[in-house]
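The values are calculated or read from the model by the stated rules, or taken from the named source; none is laboratory data. If you're wondering where the values come from, they're calculated on a predicted model, not measured in any experiment. As a convention, Cβ positions derive from the backbone with ideal geometry for all residues, glycine included, and neighbour counts pool all protein chains shown. Accessible surface areas use protein heavy atoms only, side chains included; no ligands, DNA or RNA. Shrake-Rupley method; radii C 1.70, N 1.55, O 1.52, S 1.80 Å.
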Amino acid sequence: LESPEDYPAVERAIALAERGEVFLERYIQHLLDKEEYSAARIVILDLAEHVTLESEREACLERALSLSLGVLSQPDEAERVIALSQRPAPLIEELITWYLERGDYEHCLAWTRKLITEVPHSDERDAVHRRVAELALGFTDDHRMAIEALSNLEEPDSSERGELANLYLSAGDYDALYSLLPTLNGVEPALFMRAAKHHLRAGELDRARFY
C-alpha cells in the first residue's frame, strides 16, 4: 500500500492470507483515507463474504450502505446492498429516510411498502401500513396504495375504517364498502346515502336497506 500503490498485488496477497479479514480492514481504511469511496465499498462487500458471524456481515453491509447514501450519493447501489442482507429492515429504513429528506416520495413510498414484509410483529406491520397510507394520501395522491395499506391493518381504529370507507366510495368499490359496513361507526351519513343510492340504482334493495 506504499506509494505508488499496486492494488491488484494487494488483492492477490489478501486472497492468499490465512486471515484475510485483518488485511481487508487495513485495505478498506487505506482506501477511505485516500477518499476512494467506490473502491472501499467494493472491498467492504468482499469483507462481508469473509466474516463468519451474521452480525459481522450485516455490519459490513451497513458500512457499504452508509457510503452509498453518504459521500457517494448512489441510492441504486444502496438498493443492491440491501438485496444482500438477511435482515434488511434497518437498511431499508435508512434508504427511506434518504429518499424522504430529498422529497422523493415515490421511492419513499415504494420502499416503505417493501418494509412491511420485513417486520415480524403485527403491531410493527400495522405501524408500517399506516406510514404507507400517510405517504400515499399526503404526498403521492395514490389512493389505490392507501386502500391497500388501510385494508391490511390488523387492528384498525374507527377513524381508519372511516377513511377506508371514503376511499372505497371514491373508487366506486361498493362491494368492498358493503363488506366493511358492519365495522363502521361514526361515519358521515352522506357516505351511507351515496352508497345506498348506488345499490338502489343497481336494483340491490337488500343491500340498500343496510345503509
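Structure notes:
- In this structure the range 34-117 gives 52 Å² per residue of accessible area when probed at 1.4 Å with all protein chains present.
- Calculated FRET efficiency, E154 to T183, Cβ-Cβ distance, R0 = 22 Å: about 0.95 to the nearest 0.05.
- Seen from P88, the other residues with C-beta closer than 11 Å to its C-beta sum to a net charge of -4, counting Lys and Arg as +1 and Asp and Glu as -1.
- Cβ-derived FRET efficiency at R0 35 Å, T117 paired with I42, nearest 0.05: 0.75
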